[in-house]
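The values are calculated or read from the model by the stated rules, or taken from the named source; none is laboratory data. These figures come from a predicted structure and were not determined experimentally. Using ideal geometry, Cβ is built from the backbone for each residue, glycine included, and neighbour counts are taken over all protein chains shown.
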Amino acid sequence: MAYRLLLVEDDPELREIISDYFMEKSRGVFNVEFACTGSEGRDKCMEYEYDLLLLDVMLPEVDGFSLCRELRKKSDVPVIFITARHSEADRLHGYNLGCDDYISKPFSLAELYAKVTALIRRAKGTVGSDMLTAGSIKLNPYRCTAYVHDKEITLAPKEFSILKILMENKDGLVSRESILVRVWGYDFEGNDRVVDNHVKKLRKALGDASDQIKTLIKRGYRLESRP
């Protein structure tokens, strides 16, 4: 089953990054449509039905807060605000208007994807399988738990996100650049060496399953599905 998302965002680069990430990661389950202004977003919501809305707050013509307030008079569609406004007052205002979640720029694409998936699961039912499996490793992306030989292991958030990406692409190449964008965000100012450092920590946590993660020199990493 495919789910229809509306992204109301006036930054064309960010629209493209989010759309490409969601389409690739969901393998076409999430179809992302765009609106560049608040009024365009309102018009599309009046004409079409969406499974979830991603709203920037600072939009041309009609701001995201006003749009959410208007939509809530007629619809219970899940809404996530994406905004550079970080204050507690703004967050509380968003929730008071009826949004379901709130994520601040700059953000992790992996975190945004997880929030969207969780909201749609609650609203529509399960999206995808709960458990990802690769050899001796198992991971539940919704409960944020990981196992080696069916024994739960402890992972820091960044290591968990990297393992999830590798398991979703098991037996395939995942570049350092891709991991960097998905985990640290598109505007992270560091370099991809930070990925190597966290993969090293991940391998340590995996113990004897660590050799399932293969380094492809100058290319990235591959998680092998067999131990």
**OP:** Given the conditions (1) under 30 Å from Asp51 (Cα atoms); (2) of a type in the set (A, V, I, L, M); (3) surrounded by fewer than 18 Cβ atoms within 10 Å (Cβ to Cβ); (4) modelled with pLDDT of 85 or more, report the number of the one that Leu166 does not fulfil.
**Re:** (3)
Original post:
For the stretch 74-85, does any single residue satisfy the condition of being surrounded by fewer than 18 Cβ atoms within 10 Å (Cβ to Cβ), under 12 Å from the mean Cα position of the chain (by Cα) and in contact (Cβ under 8 Å) with a residue 12 or more places away in the chain?
Top reply: no
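In the set Leu59, Leu5, Leu67, which member is outside any loop (DSSP other than H, G, I, E, B), at pLDDT 90 or above and over 15 Å from the mean Cα position of the chain (by Cα)? I'd like the intermediate steps shown before the answer.
Values: Leu59 fails: outside any loop (DSSP other than H, G, I, E, B); Leu5 fails: over 15 Å from the mean Cα position of the chain (by Cα).
Matching residue, one of Leu59, Leu5, Leu67: Leu67.
Any idea how many residues of the stretch 86-101 are surrounded by 12 or more Cβ atoms within 10 Å (Cβ to Cβ) and assigned to a helix (DSSP H, G or I)?
To start, the set of residues in the stretch 86-101 that are surrounded by 12 or more Cβ atoms within 10 Å (Cβ to Cβ) comprises 90-91, 93-95, 97-101.
Next cut, assigned to a helix (DSSP H, G or I) only: 90-91, 93-95, 97.
Going through the stretch 86-101 one residue at a time, the tally reaches 6.
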Subject >> Of residues in the stretch 196-227 being over 20 Å from Ile153 (Cβ atoms) and among the β-branched types (Val, Ile, Thr), the one surrounded by the fewest Cβ atoms within 10 Å (Cβ to Cβ) >> reply: Ile217
**OP:** With the condition kept exactly as written, say whether any residue in the stretch 191-208 is outside any helix (DSSP H, G or I) and within 20 Å of the chain's Cα centre (by Cα).
**Re:** yes
Original post:
How do the pairs read when you match residues in the stretch 25-39 that are closer than 16 Å to Asp51 by Cβ with residues anywhere that are assigned to a loop (DSSP other than H, G, I, E, B), using Cβ under 6 Å and keeping only pairs 6 or more apart or on different chains?
Top reply: Val29/Ala2; Asn31/Ala2
**OP:** Tally the residues that are surrounded by fewer than 18 Cβ atoms within 10 Å (Cβ to Cβ) and at pLDDT 90 or above, restricting the search to the stretch 118-135.
**Re:** 2
